[in-house]
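Contents: one structure, followed by commentary.
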Amino acid sequence: MGKLTSPYRWGMVIDLDRCTGCGACVVACQAENNVALCDKQQIGEGRGMHWLRIERFWVGTYPDVRVRFLPVLCQHCHDAPCEPVCPVYASYHNPDGLNGQVYNRCVGTRYCGNNCPYAVRVFNFYQHEWPPPLADQLSPDITVRSRGVMEKCSFCIQRIRRAKEEATGEGRLVRDGEVQPACAQTCPAEALVFGNLADPHSRVARLARSPRRFQLLEQLGTHPSVYYLKGGGREHV
Amino acid sequence: MSDIPVTAKSAGQLNGELLSSLRPPSRRWYLLVLLLGAVVAWGLFAFAWQLTHGMYVTGKNRPVMWGFYITGFVFWVGLSHSGTMVSAILRLSQANWRRPILRAAEAMTVFCIAVAGLFPLIHLGRNWTFFYMMPYPNQRGLWPNFRSPLLWDMTAITAYIIGSSLFLYLGLLPDLALARDRASGWRQRVYGVLAMGWRGSAHEWSVYRKASILMAALIIPVAISVHSIVAWDFAVTVVPGWHSTIFPPYFVIGAILSGVAAVITLMIVIRKAFQLEDYLTPLHFDNMGKLLLVISLLWTYAYFVEVQTTWYAHEPIEWEVFSFMAGTYTVPLLLMLIGNALLPIVTMCFQRLRRSIAVMLVVSLLVNVGMFIERFLIIVPSLAHKNMPFVWGSYAPSWVEISVNLAAVAGFTLLFTLFAKFFPIVAVTDVRELEVLQAEVPLGRAKLPAIVGEE
């Protein structure tokens, strides 16, 4: 982590105590990032294209059953298992600590997808189509991926780029809260908070220091950029 | 090694018999080639189908993103160890019984590795961009990532294809000259070019001998590195069930096991097809059987160690992968254990069974069925039950993947059949070398002690 030269280290905090499992983030992500539409059959085959999924777990025994939601997106690991295995640098680490995916480099070995412990990488098994009028809402900022390439959450890198360009034009750094990915922007419960972890005063950095924090599969040593909060006096389990 | 009746026949007769595979093809040969060609054509159609439709025509999904293609890849790389094993190791250890089979084994290596090399390309999501993985100055301004085990794979396989082809070609030289001298017309010209002006002078033989020993010694580390690297494809990942330090040696042992079994199968087929009963005797099968027994014991040990560590540690996710594998794929698992361990170990202990051609055929085929299952059981269950239980899945191969794998078998057989028709499939020189290496040379009625031996 020390090797980064950028003043930014983008990260996210997901407060599981706030998450209601409404799925707004999933829809927002799909609309923002030209994520393909998949029908029931494709999802049933395990070929859905969601960059962000909400895992639902039932806890306890009847009648005392509770549901827990776990939104899982690319963790933008600082020691990402997907990066070294890609033979063509389609999966690479950018200076802001993001886990980039260059679609037109990808040859589709799917090695990154196998090596991702979070299983957040999705592969274009199909050549996806957007039936009219949905094709009209495709974002011009982002490639529409062809079949045979791997894709995944980018933390809405197109928004980050725009915010950085504006800030550079005005000769300053991106302000806290100035940029957020579609999922965080949409979350009605404000369970998802995005920001610069390199700035100790940012909201995300303060939340990430919470005693409620944990990370997914921390034992693997992947050093994710996503922190989860859980517990907080209202014990769910 | 007097079991080969080299002295009972004249030199011309011997050459004639050993080169019998070069005689004009029969109708049955054409039929076989046609049949194999049809299967290959079907496989090509299946691949074209995948190419035009997308990867959804395979059985792959998230999380099982590798399936039958990579299984086939590892399997064929394993088979390719036959030639190196039989030819190089036995050449260096001066085992005379290797002689009649070494050509077939070396040719098998070349064709197996060629077939294996196709699988990673077939399995790409965008097959048409395969050249992105090659290191050459390009307009993308991008060098491939040599941290990726896939690049190690490509390097190792390229080295192995080149090395084993040279090994095969070097051994062929004197036999090509022999074929040239016996052929006429265009065949003579082709063999003449390929024999590169071999005259059989003492100097040529001395250089040839040195080169063969050198190649034999050099090809062994290459062969071992190839399968270690294939194992690293799995071992260097963080996938539970793949991330295991025993994989490289375990894979090399598995490769040699399937290689030895494949050579036995091949010996039986060649013996029957080219009437080489005098040269491939039950004694040869006896020796190969012993080799199979040793390798099978080694494989069983390696497999036991791998499972034992998983069981003892009982790390939840590792154990989950193992239980899922044993629970979902019980029948293949048992087949694998029978084919790779139980059957060869029990049968190969008995000389009568080792010398029975029928038993050897059944055992050698089942070993390779077991080895294919072994690769499948390493690759798929680990992916199906990775760290995140929410995205656990399963996998079943589609007709496309099965067709391509069948076409690989047919394609290999086709290449081999063609090779056997156009090139001497029994190493005439190596077999006839025994004449001069005998302890006693007959001279008229007397027998004189020989003055030459293998260096």
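Being surrounded by fewer than 15 Cβ atoms within 10 Å (Cβ to Cβ), within 23 Å of B:THR109 (Cβ to Cβ) and touching a residue at least 12 places away in the same chain (Cβ under 8 Å) is the requirement here; does B:ARG209 meet it? Spell out the reasoning first.
Numbers: surrounded by fewer than 15 Cβ atoms within 10 Å (Cβ to Cβ): yes; within 23 Å of B:THR109 (Cβ to Cβ): yes; touching a residue at least 12 places away in the same chain (Cβ under 8 Å): yes.
Here the answer is yes, as B:ARG209 does meet what is asked.
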Exercise. Could you say whether any residue in region A:216-223 is touching a Pro at 6+ places or on another chain (Cβ under 8 Å), over 20 Å from A:GLY23 (Cβ atoms) and away from chain B (no Cβ under 14 Å)?
Worked result: no
Exercise. What are the pairs, 6+ residues apart or on separate chains, where a residue within region A:89-101 that is under 17 Å from A:ARG121 (Cα atoms) has its Cβ under 7 Å from a residue that is of a type in the set (A, V, I, L, M) and modelled with pLDDT under 90?
Worked result: A:TYR89/B:LEU142
Exercise. Is at least one residue of region B:331-349 of a type outside the set (Asp, Glu), farther than 29 Å from B:VAL239 by Cα and under 20 Å from the mean Cα position of the chain (by Cα)?
Worked result: yes
Exercise. Which one of the conditions (1) surrounded by fewer than 16 Cβ atoms within 10 Å (Cβ to Cβ); (2) in contact (Cβ under 8 Å) with a residue 12 or more places away in the chain; (3) among the charged types (D, E, K, R) does B:ARG355 fail to meet, given that it meets all the rest?
Worked result: (1)
Exercise. Got at least one residue in region B:51-62 being in a helix (DSSP H, G or I), more than 14 Å from chain A (Cβ to nearest Cβ) and either among the polar types (S, T, N, Q) or touching a residue at least 12 places away in the same chain (Cβ under 8 Å) (or both)?
Worked result: no
Exercise. Across region A:113-152, what is the total count of residues that are more than 14 Å from chain B (Cβ to nearest Cβ), of a type outside the set (S, T, N, Q) and assigned to a loop (DSSP other than H, G, I, E, B)?
Worked result: 9
Problem set entry | Hits in region B:139-186 - residues which are touching an Asp or Glu at 6+ places or on another chain (Cβ under 9 Å) and within 14 Å of chain A (Cβ to nearest Cβ) | B:ASN145, B:ARG147, B:PRO149, B:LEU150, B:TRP152, B:ASP153
Exercise. Could we say that B:PHE131 is outside any helix (DSSP H, G or I), of a type in the set (A, V, I, L, M, F, W, C) and within 14 Å of chain A (Cβ to nearest Cβ) here?
Worked result: no
Exercise. What residue, among those in region A:3-53 that are under 15 Å from A:PRO71 (Cβ atoms) and among the basic types (Lys, Arg), is farthest from the chain's Cα centre (by Cα)?
Worked result: A:ARG18
For this session: Taking the residues in region B:386-401 that are closer than 20 Å to A:PHE57 by Cα and among the hydrophobic types (A, V, I, L, M, F, W, C) as candidates, determine which candidate is nearest to the chain's Cα centre (by Cα).
Result: B:TRP392
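Could you identify the single residue in A:ARG105, A:ARG53 that is of a type outside the set (Val, Ile, Thr) and closer than 25 Å to B:TRP392 by Cβ? Show your work before the answer.
Details: A:ARG105 fails: closer than 25 Å to B:TRP392 by Cβ.
Result: A:ARG53 is the single residue among A:ARG105, A:ARG53 that is of a type outside the set (Val, Ile, Thr) and closer than 25 Å to B:TRP392 by Cβ.
The values are calculated or read from the model by the stated rules, or taken from the named source; none is laboratory data. Note that the coordinates shown come from a computational prediction; the quantities given were computed from them, not determined experimentally. FYI the Cβ positions are ideal-geometry reconstructions off the backbone, even for glycines, and counts take in every protein chain you see.
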